[in-house]
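Each remark here refers to the structure printed beneath this line.
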Amino acid sequence: MESCAESIHNISTKLCAKVGIGFSDINGISIGVSGVATDTEQVELKSHLYRIANTRLETLPKTHITTDAECALVGALGSVEATGIVILSGTGSIAFGKKNDGTIERCGGYGYPISDEGSGTWIAIEAIKAIIAHVEGRGKKTKLTTELQTQFNINIHSDLREFVQRVHTDNKLLTQVPAIVFSLCNNDAIAQHILERTSMELAVLARALLTSFPIHKNIPCSVAGTIATHPVLMSFLEKQLSNKPNRLRFQQPIGNGLDGALLIGKSVWK
């Protein structure tokens with residue numbers, strides 16, 4: 001928590017310097033943080049921030065801390081008052097919903113490998129599994145194999161064990177795989193199948209939240225995160241969410257998490 005506070009303080013200081021203002025010129029700070037979901041965690045983070053400011057003889061403005069998921073929800077729906085659901089998918093995945101009474105509900109987002117279905121990490125692992133199955137002769141041929149060989153300068157067919165070792169030890173490799181899957185979506189059946197399954201997994205997260213929503217149709221459902229907002233996946237998701245029985249209405253995101261943080265800040269410090 002302390003290192004998180006240090007990072008937030010450093011980012012805030014650099015931003016102030018960039019626009020030529022000091023903390024004293026700011027009405028308040030609105031922060032969306034991943035993994036800081038409870039009131040206790042948010043109070044603890046805030047106390048660390050104020051302590052850091054005090055040790056540097058600074059006066060920190062009033063500070064509001066929430067989750068990055070709430071910022072994504074508000075940004076995607078375009079309003080602090082808006083109710084609905086946002087599907088977030090980047091490195092991880094989660095569905096986050098706000099009901100008419102302001103109650104927040106969530107589904108998923110517990111970290112890979114026990115959760116985060118439909119995330120970038122999940123896509124990468126599914127692609128790696130498909131490549132291994134192809135090379136071992138127990139799965140369908142896929143252009144993913146050739147593409148990863150080129151991208152990472154390794155002959156997967158002859159050096160499969162070395163490739164698997166790199167997957168286990170090189171986190172950077174996994175972060176680069178989803179872009180390759182997206183690039184092959186239109187001319188590789190395996191890549192397309194992985195992305196179709198991705199949209200199915202994310203739609204399941206959103207529909208799971210419906211059990212806590214009032215029974216009515218046309219509940220807005222939007223997306224956030226680098227994976228979910230990719231045009232290819234948004235197209236798949238829109239089709240998934242329109243399948244019957246259907247209570248969700250797909251909505252193109254109005255803004256992103258930064259827009260949401262700004263809207264939340266304006267509502268808190270007005």
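The values are calculated or read from the model by the stated rules, or taken from the named source; none is laboratory data. Remember, it's a predicted structure, so these values are computed and weren't measured experimentally. Cβ coordinates were reconstructed from backbone atoms using ideal geometry, including for glycine residues, and neighbour counts include every protein chain displayed.
Structure summary
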quantity: Among the candidates Lys99, Lys129, residue that is surrounded by fewer than 22 Cβ atoms within 10 Å (Cβ to Cβ), under 24 Å from Leu202 (Cα atoms) and free of Cβ contacts under 8 Å to residues at least 12 places away in the same chain; calculated: Lys129
quantity: Neighbours by Cβ (under 9 Å, 6+ apart or cross-chain): first from segment 19-39, closer than 21 Å to Glu70 by Cβ; second surrounded by fewer than 11 Cβ atoms within 10 Å (Cβ to Cβ) and charged (D, E, K, R); calculated: Asn27/Lys270
quantity: Lys99 being touching a helix residue (DSSP H, G or I) at 6+ places or on another chain (Cβ under 8 Å) and among the charged types (D, E, K, R); calculated: yes
quantity: Subset of segment 225-252 [touching a residue at least 60 places away in the same chain (Cβ under 8 Å), surrounded by 20 or more Cβ atoms within 10 Å (Cβ to Cβ) and within 16 Å of the chain's Cα centre (by Cα)]; calculated: Gly225, Ile227, Ala228, Leu233, Leu237
quantity: Qualifying residue in segment 37-54 (condition: outside any helix (DSSP H, G or I) and in contact with a strand residue (DSSP E or B) (Cβ under 7 Å, 6 or more places away or on another chain)); calculated: yes
quantity: Condition check for Ala37: surrounded by 15 or more Cβ atoms within 10 Å (Cβ to Cβ) and under 23 Å from the mean Cα position of the chain (by Cα); calculated: yes
quantity: Pairs with Cβ under 8 Å, 6+ apart, first in segment 159-175 and under 18 Å from Gly120 (Cβ atoms), second charged (D, E, K, R) and part of a helix (DSSP H, G or I); calculated: Leu173/Arg166
quantity: Count - residues of segment 230-270 that are touching a strand residue (DSSP E or B) at 6+ places or on another chain (Cβ under 8 Å), assigned to a helix (DSSP H, G or I) and aliphatic (A, V, I, L, M); calculated: 8
quantity: Residues of segment 134-145 classified as farther than 23 Å from Ser119 by Cβ and either in contact with a Cys (Cβ under 8 Å, 6 or more places away or on another chain) or in a helix (DSSP H, G or I) (or both), total; calculated: 2
quantity: Those helices (runs of 4 or more DSSP H) lying entirely in segment 146-223 with at least 3 residues in the same structural domain as Gly90 (by TED's automatic domain parsing) and modelled with pLDDT of 95 or more; calculated: 171-183, 189-209
quantity: Verdict on Ile125 being in contact with a Phe, Trp or Tyr (Cβ under 9 Å, 6 or more places away or on another chain) and within 19 Å of Ala189 (Cβ to Cβ); calculated: yes
quantity: Matching residues, segment 1-33, being of a type in the set (A, V, I, L, M), part of a helix (DSSP H, G or I) and within 17 Å of His48 (Cα to Cα); calculated: Ala5, Ile8, Ile11
quantity: Lone qualifier among Ile114, Ile125 - being part of a helix (DSSP H, G or I) and among the β-branched types (Val, Ile, Thr); calculated: Ile125
quantity: Meets criteria (touching a His at 6+ places or on another chain (Cβ under 9 Å), surrounded by 15 or more Cβ atoms within 10 Å (Cβ to Cβ) and of a type in the set (Ser, Thr, Tyr)) for Ser30; calculated: yes
quantity: Test: residue in segment 94-106 that is on the phi < 0 side of the Ramachandran plot and part of a helix (DSSP H, G or I); calculated: no
quantity: Some residue of segment 109-120 being of a type in the set (A, V, I, L, M), buried (at least 20 other Cβ atoms within 10 Å of the Cβ) and farther than 30 Å from Ser79 by Cβ; calculated: no
